[in-house]
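To start, the structure under review is shown below, and the notes come after it.
The values are calculated or read from the model by the stated rules, or taken from the named source; none is laboratory data. Quantities reported herein were computed from a predicted structural model and do not represent experimental measurements. Backbone-built Cβ (ideal geometry, glycine too); neighbour counts: all protein chains shown. Keep in mind that these areas ignore ligands, DNA and RNA; they rest on the heavy atoms of the full protein, side chains included. Shrake-Rupley method; radii C 1.70, N 1.55, O 1.52, S 1.80 Å.
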Amino acid sequence: NAGVMQNPRHLVRRRGQEARLRCSPMKGHSHVYWYRQLPEEGLKFMVYLQKENIIDESGMPKERFSAEFPKEGPSILRIQQVVRGDSAAYFCASSPERRNSYNEQFFGPGTRLTVL
Amino acid sequence: DQQVKQNSPSLSVQEGRISILNCDYTNSMFDYFLWYKKYPAEGPTFLISISSIKDKNEDGRFTVFLNKSAKHLSLHIVPSQPGDSAVYFCAASPRDQFYFGTGTSLTVIP
């Protein structure tokens, strides 16, 4: 059973370009979460999605960032017109269909974005 | 606004001794707490969790203690092993969204 997959593992972009980060959740998981880890900081929640729905995007910057989790295919975190401050590790996590109130989240290996 | 705090950025412990990692939170609505372990260039891996109805949960060498009145939890690793060297994040949740601390880097010295 493959774990959470993220690609690319490393992404280099110049200022002003677009970055697209992909996340395939574990098989059977329908909940996806995106986190960002800035240098010397902890993981910061960005957005929580279920298939075709954004449930909570309270951690997403208001501009340039968007996320989707289509019916088919991976979840995508899209950053438009990247700036140097977007350089960070972006982690995706997934959890199964909620059966009870508590679900641990399984993390992918992360995508390290570097903006030149 | 850091709702989950890990005030010790690093900790060094001798192999075989006990490692104690601490975590404080501010939101009394948090009712589920987890510890994750992270190696460099990898994603966090779930370690152990505890719900607010308990004050202790044990899994092998790992024990998590929860003090709700102090809004404090701790992770005990005993005996510590060199392979435990990693960054440990605590996380707290009111339900589906997790709030993470900034992590404590544990080094176990052989």
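At-a-glance table
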| read-out | value |
| --- | --- |
| Hits in segment A:1-11 (condition: open to solvent by 20 Å² or more (accessible area, probe 1.4 Å) and either in contact with a Cys (Cβ under 9 Å, 6 or more places away or on another chain) or within 13 Å of B:GLY43 (Cβ to Cβ) (or both)) | A:GLY3, A:MET5, A:ASN7, A:ARG9 |
| B:ASP31 vs. criteria within 13 Å of chain A (Cβ to nearest Cβ), of a type in the set (Asp, Glu) and crowded, with 16+ Cβ neighbours inside 10 Å | yes |
| Strands (runs of 3 or more DSSP E) (entirely within segment B:23-104) containing at least 1 residues that are out of contact with any Cys (no Cβ under 6 Å at 6 or more places or on another chain) and without any contact (Cβ under 8 Å) to a residue 24 or more places away in the chain | B:45-51, B:56-59, B:62-67 |
| Residue within segment A:12-34 that is among the hydrophobic types (A, V, I, L, M, F, W, C), within 11 Å of chain B (Cβ to nearest Cβ), open to solvent by 50 Å² or more (accessible area, probe 1.4 Å) and more than 11 Å from the chain's Cα centre (by Cα) present | no |
| Enumeration of residues in segment B:63-100 that are within 14 Å of another protein chain (Cβ to nearest Cβ) and surrounded by fewer than 18 Cβ atoms within 10 Å (Cβ to Cβ) | B:PRO94, B:ARG95, B:GLN97 |
| Qualifying residue in segment A:17-34 (condition: in contact with a Cys (Cβ under 6 Å, 6 or more places away or on another chain), within 17 Å of A:GLY108 (Cβ to Cβ) and aromatic (Phe, Trp, Tyr)) | yes |
| Condition check for A:ILE54: more than 8 Å from every other protein chain (Cβ to nearest Cβ), within 14 Å of the chain's Cα centre (by Cα), farther than 22 Å from B:PRO44 by Cα and open to solvent by less than 10 Å² (accessible area, probe 1.4 Å) | no |
